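The values are calculated or read from the model by the stated rules, or taken from the named source; none is laboratory data. These figures come from a predicted structure and were not determined experimentally. For neighbour counting, all protein chains shown are included, and Cβ atoms are generated from backbone atoms with ideal geometry for every residue, glycine included. Please note that ligands, DNA and RNA were not included when accessible areas were found on the heavy atoms of the full protein model with its side chains. Shrake-Rupley method; radii C 1.70, N 1.55, O 1.52, S 1.80 Å.
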Amino acid sequence: MDRVQTKFKLIISGINLVSDFRPIDTVHSRYVRNVKCSVGERDNTVVITGTICSEDQNKNFLIAEDLTVFFLRLFSLFGVNCRIEHFELDKGGDVLWGYPPVPTIDGKMMNNQIGKVKSSLFEPQSFAEFQVIQASTRVDVPHHFRTLAALFFEELCPHWDDHVLGEYVEALLERYENQHEKRLLELIRVLCEADIIDSTYLNQSSRLRSAMQNVSGPRLIDDNVAHGILACIEVIYRQMRQGDYDTLTRKLVSSAHELLFPLVQKLLRSRTMDNP
């Protein structure tokens, strides 16, 4: 099988590296070679370069994003306010263009949540949960998807039922209403075309396509579509947990992340109201 090479360059600030060195190991080490950490041209920066070689360019892109998280965590053990200043690949990947719609809120909606968020501010579990839904960068999409999906599938809803599916339909229709419906359909189409196979060899992409074709009534999606979306997302999550990026693309992972995000937000809002 032909291998595709992708060179990467990452600049991290907040660390004063004395001299260049080569890391003894990295994540996805079977695909990563010639990694070098060099003293940056600007003060208190380090430049990390290397080559990723796998069967697919999109897989290289996902591996590169994991590498950014790996090195940021590594240098954060020693640096001060370490952050990613620059990240580039020598080739583009299959990306999801544009941005999700920004919800419209009012003061009453915010005030309804203030007391609950305040009371849980210093609880470790709540802190971790809210970190998951806070702003994420486009550099580390796989990491943010894994943490978001883990929160949903392992903690919030290990066994999602009809009530959760109903909540999911409402969350998606509220977020992608009116002119944003086209984007919702695009996100779902990405899952439908991905050929996602679960551990029992069921093609969840095919089941989602059937659910979309059988939607009746005026609504864009129904509970069956919501079930199909979650089933696809769970397969992607379980696959990534095992470090298996075969068949995954950055566009697919980004779509899964964006589709799951509104439901997790909705469930967290409900949880804070139920637990003042």
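The tail of the calculated P(r) for the range 50-94 beyond 17 Å holds 37 percent of all Cα-Cα pairs.
Ligands, DNA and RNA excluded, the heavy atoms of Ser13 present near 10 Å² of accessible surface to a 1.4 Å solvent probe. Note on Lys7: accessible area is roughly 130 Å² with a 1.4 Å probe, heavy atoms of protein only. Remark on His86: its backbone amide H falls under 5 Å from those of Ile11, a criterion applied only to residues 5 or more positions apart or on other chains, H modelled at 1.01 Å from N. Among Asn203, Asn224, Asn178, the residue with the largest mean-square fluctuation in a Gaussian network model of the chain, with springs joining Cα atoms closer than 10 Å, is Asn178. Accessible area per residue for the chain is 56 Å², calculated with a 1.4 Å probe on protein heavy atoms, without ligands, DNA or RNA. For the chain, the share of accessible area belonging to carbon and sulfur comes to 51 percent (1.4 Å probe, ligands and nucleic acids excluded). Between the C-alpha center of the range 151-214 and that of the range 16-81 there is a gap of 34 Å. For the range 146-206, the relative contact order works out to 15 percent when only alpha carbon pairs closer than 8 Å and six or more residues apart are counted.
Computed from point charges on the beta carbon alone (+1 for Lys and Arg, -1 for Asp and Glu), the dipole magnitude for the range 175-276 about its Cα centre is near 260 Debye. Going toward the positive end of the dipole of the chain, with +1 on Lys and Arg Cβ and -1 on Asp and Glu Cβ, which of Ser254, Tyr237, His163 do you reach last? Checking the options against the dipole of the chain, the answer is Ser254.
Quote the charge dipole size of the chain about the Cα centre in Debye, to the nearest 20; the model charges only the Cβ of Lys and Arg (+1) and of Asp and Glu (-1).
On the way: 31 positive and 37 negative charges, 125 e Å.
With Lys and Arg at +1 and Asp and Glu at -1, about 600 debye.
Under the simplified labelling scheme, the Gln213-Gln5 pair shows an inter-label distance of 4.5 nm, with each label point 7 Å from Cα along Cα→Cβ. Say the dipole of the chain comes from +1 at the beta carbon of Lys and Arg and -1 at that of Asp and Glu; which of Phe21, Met212, Asn112 then lies farthest toward its positive end? Going by the Cα projections, it comes out as Phe21. Could you compute the FRET efficiency for Met109 and Arg238, with r as their C-beta to C-beta distance and R0 at 30 Å, rounded to 0.05? With a Förster radius of 30 Å, E is 0.30.
Per-residue extension of 0.36 nm, minus the Cα-Cα distance of Ile24 and Ser270, leaves a gain of 84.0 nm for this segment.
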